[in-house]
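Following: one structure in structure tokens, then a few remarks.
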Amino acid sequence: YYAVLGVSQSATPKEVTKAYRKLARELHPDANPDNPKAEDRFKEVSTAYDVLGDEKKRKEYDEVRAAGPMGFGGGGRSGRGQRGGPQRGSDIEAALTLDFTDAAHGITTTLHLTSEAVCSGCQGSGARAGTTPQPCSQCGGRGAVDSNQGVFSFSSPCPRCQGKGTTVEYPCGSCRGSGREHRAREVKVRIPAGVDNGQRIRLKGRGAPGHNGGPAGDLLVECKVMPHATFSRDGVNLLVHVPVAYHQAVLGSEVSVPTLDGSSVLLKIKSGTQSGSKHRVKGRGIETTSKTGDLIVTIDVLIPSKVSKEERDIIEQLAELHNTSDKVK
């Protein structure tokens with residue numbers, strides 16, 4: 001009733017009356033001629049206000065609600081049990097291991113999983129081939145039975161059909177009447193470009209089947225991206241380390257930088273480039289539908305572990321030049 005009037009359970013009597021009057025004006029039959037939906041809604045609003053607008057009835061209603069009934073109906077009307085209606089199927093979770101390059105570029109692949117699915121023997125009806133479910137004899141197919149308690153009437157799931165509204169006299173041999181079975185199945189998955197490690201992809205309607213005609217749940221695919229031997233990433237930016245010789249860093253040079261697609265680009269570094277310095281190559285990172293990242297190059301200056309006699313002589317001469325320069329200063 002609170003939901004019917006669009007007010008909270010803590011609404012004051014003044015707020016309840018205000019909400020009712022507003023809805024009554026909008027839904028009154030005089031304002032909606034030849035509109036049966038508006039007329040039915042007007043009756044619901046009037047019934048709700050008949051209870052919530054009366055202090056004694058509202059208190060009794062709140063006490064009954066606190067006891068946890070399955071459904072309500074006022075003025076001799078009965079509601080349908082919640083469990084008797086369509087129910088959405090459960091979500092299913094699965095993991096998918098991806099190559100670093102495939103995750104960056106996007107890929108369509110097939111996911112193999114074992115999960116609850118619609119029974120292939122009875123197509124979900126639960127009935128043996130050649131038979132069909134029959135309306136429940138106890139609830140007449142409503143899926144709910146009513147019980148009256150004073151001014152209120154409550155509905156609860158039918159104990160015979162468990163709220164389904166139908167019964168199966170000859171159950172399917174594969175699923176034993178449940179309409180579901182656990183079986184292996186293949187799901188084609190489109191992984192968008194740029195998916196990151198730990199990211200989840202939601203596939204609508206590819207989860208467990210619904211109940212009583214309800215929609216299927218979703219399939220949640222967690223992506224596990226394998227590390228790359230050369231590249232790492234920061235969002236849509238690719239990160240790579242490039243080794244350069246000592247003389248290249250000192251004098252400046254053009255160095256070849258690998259990219260994820262297998263090609264390479266030339267990066268010009270200035271004289272005096274320091275080891276650990278970072279350089280940006282625009283637009284050579286990960287490309288998604290919304291943006292494109294860059295390639296961030298970290299320069300690693302190589303120090304040789306062994307040098308020849310000629311190299312040592314040259315380095316010693318260089319050291320002497322440095323010492324002389326320092327003394328002049």
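What about THR110, is it touching a strand residue (DSSP E or B) at 6+ places or on another chain (Cβ under 9 Å), touching a residue at least 12 places away in the same chain (Cβ under 8 Å), exposed (fewer than 14 other Cβ atoms within 10 Å of the Cβ) and not acidic (Asp, Glu)?
So THR110 passes the test.
Name the single residue that is surrounded by the most Cβ atoms within 10 Å (Cβ to Cβ) among those in the range 178-211 being more than 20 Å from CYS119 (Cα to Cα) and of a type in the set (Gly, Ala, Ser).
GLY194
Matching residues to (1) among the basic types (Lys, Arg); (2) touching a residue at least 24 places away in the same chain (Cβ under 8 Å); (3) not in a loop (DSSP other than H, G, I, E, B):
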residue: SER10; (1), (2), (3): no, no, no
residue: TYR20; (1), (2), (3): no, yes, yes
residue: LEU23; (1), (2), (3): no, no, yes
residue: ASP34; (1), (2), (3): no, no, no
residue: LYS56; (1), (2), (3): yes, no, yes
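Go through the residues of the range 241-248 one by one and say whether even a single one is without any contact (Cβ under 8 Å) to a residue 60 or more places away in the chain and assigned to a loop (DSSP other than H, G, I, E, B).
Checking the range 241-248: not a single residue is without any contact (Cβ under 8 Å) to a residue 60 or more places away in the chain and assigned to a loop (DSSP other than H, G, I, E, B).
Among the candidates THR259, THR298, THR292, which residue alone is open to solvent by 30 Å² or more (accessible area, probe 1.4 Å), at pLDDT 90 or above and either closer than 28 Å to ALA229 by Cα or among the basic types (Lys, Arg) (or both)?
Answer to the check: THR292.
Does SER90 qualify as being within 37 Å of the chain's Cα centre (by Cα), at pLDDT 85 or above and hydroxyl-bearing (Ser, Thr, Tyr)?
Taking the combined requirement at face value, the residue satisfies it.
The values are calculated or read from the model by the stated rules, or taken from the named source; none is laboratory data. Quick caveat, the model's predicted, so the values are computed rather than measured. No Cβ is skipped: glycine too gets one built from the backbone with ideal geometry, and neighbour counts run over all protein chains shown. Side chains included, ligands, DNA and RNA excluded: accessible areas come from the protein's heavy atoms. Shrake-Rupley method; radii C 1.70, N 1.55, O 1.52, S 1.80 Å.
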